[in-house]
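What follows is a single structure, written as structure tokens, with notes after it.
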């Protein structure tokens, strides 16, 4: 990031933030793992395994606390952070639920 982002900006290349909600983790934290279907790739990702999930759960708690202070959800805070990185940065959050889409849109007000 420290080298790539300045280079992209120098060359006028837009930056697309892939998976800005951590594959759903910043939507509901470790609970996201409880309802995954058998074939869901997230079950096998290193970020959701062993000590990584412990570390990421601590990170989710910190983000949740900050979001509560701002009066928004953790996912809204995460998307707002990406959005405020510059006009050349665009998050591409994905969702299958209308309620999550509405929350994602709410990030523009954070």
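Just wondering, is there one or more residues in region 87-103 that are part of a helix (DSSP H, G or I), under 15 Å from residue 25 (Cα atoms) and modelled with pLDDT of 95 or more? No: zero hits. Residue 20 - would you say it is part of a loop (DSSP other than H, G, I, E, B), at negative phi and under 16 Å from the mean Cα position of the chain (by Cα)? Criteria met by residue 20. Of the conditions (1) exposed (fewer than 14 other Cβ atoms within 10 Å of the Cβ); (2) under 14 Å from residue 28 (Cα atoms); (3) at pLDDT below 95, residue 41 clears all except one; give me its number. With respect to (1) exposed (fewer than 14 other Cβ atoms within 10 Å of the Cβ); (2) under 14 Å from residue 28 (Cα atoms); (3) at pLDDT below 95, residue 41 is out only on (2).
Among the residues of region 81-106, the ones that are more than 11 Å from the chain's Cα centre (by Cα) and surrounded by fewer than 17 Cβ atoms within 10 Å (Cβ to Cβ) come to 15 in all.
The values are calculated or read from the model by the stated rules, or taken from the named source; none is laboratory data. Quick caveat, the model's predicted, so the values are computed rather than measured. We place every Cβ from the backbone using ideal geometry, glycine too, and count neighbours over all the protein chains shown.
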